[in-house]
Amino acid sequence: MSRTERLTVEVVLTLLLFLVPAFVLHTSPRFAGSLAGFALGVAAATLMVSLLIYPLAKYSTRLKSWITRVAPMGALLTFHVYAGVFGAFLAILHTGHKYQSPLGIALVTAMLVVVATGVVGRYYLPETSAELREEQSRLATLRSAYDRTAAAFAERQALEDAAAAGISAPALRDVSVRQLVEGIADLEYAVGSREAIKKTFMRWIVAHVVAAILMYLLLMLHIAGEIYYGLRWLS
């Protein structure tokens, strides 16, 4: 995720956090069926349906060769992220903050789960993996330094062994064994915590796919209901 993309997503998600519970301060029961509400609903539904372009290109070899002629996978993924967050934003506006229909509440909930799990998979999981690799590298460095330092002290040739092992004398003088042990303990705890978080985040794809399937089913029912019962602005 680029810096601009991340900033845009964070801004829209922040707006969503304020829009979702806005029914406490404002409710417009007739807005969703109005012309403006209808336009917002169509735009939101179009963006939500367009989310299928990326998984189709990713998992279908035949479609991938055709779709990537128009846009590369990186651009499709960026569009996938933007379409998800902006589609959710427009959908919340479309509701008019009227959360009385069980179908509408379920649809909004499924949509927010799709967006939240998508952000986890796009940003938090890669970031956690990168931080975990960095901490594991630092931990390996400290363990290597500890092993070399302990061996040097055991043989009473700290400076000579350090030079042979590639550790400079100032490093041995400035960093005590106790500091190395404390650093190793802290990093081991951090790595364990990060691995637990990563293991939890790895389940995001299951929640993302299940919530997406549910969202599209509810979206079809919602659209069918609007067509069946009619739109207020048509009358």
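The values are calculated or read from the model by the stated rules, or taken from the named source; none is laboratory data. All of these numbers come straight from a predicted model, not from anything done at the bench. Every residue, glycine among them, receives a Cβ derived from its backbone with ideal geometry; neighbour counts consider all protein chains shown.
Things to note:
Each row is one residue, and each column tells you yes or no for (1) in a helix (DSSP H, G or I); (2) surrounded by 15 or more Cβ atoms within 10 Å (Cβ to Cβ); (3) within 16 Å of the chain's Cα centre (by Cα); (4) of a type in the set (S, T, N, Q).
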site	(1), (2), (3), (4)
R6	yes, yes, yes, no
L13	yes, yes, yes, no
P29	no, no, no, no
A45	yes, yes, no, no
M48	yes, yes, no, no
W66	yes, no, no, no
R69	no, no, no, no
A83	yes, yes, yes, no
H94	yes, yes, no, no
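- Residue match in region 48-71 (condition: touching a Pro at 6+ places or on another chain (Cβ under 9 Å) and at pLDDT below 90): no
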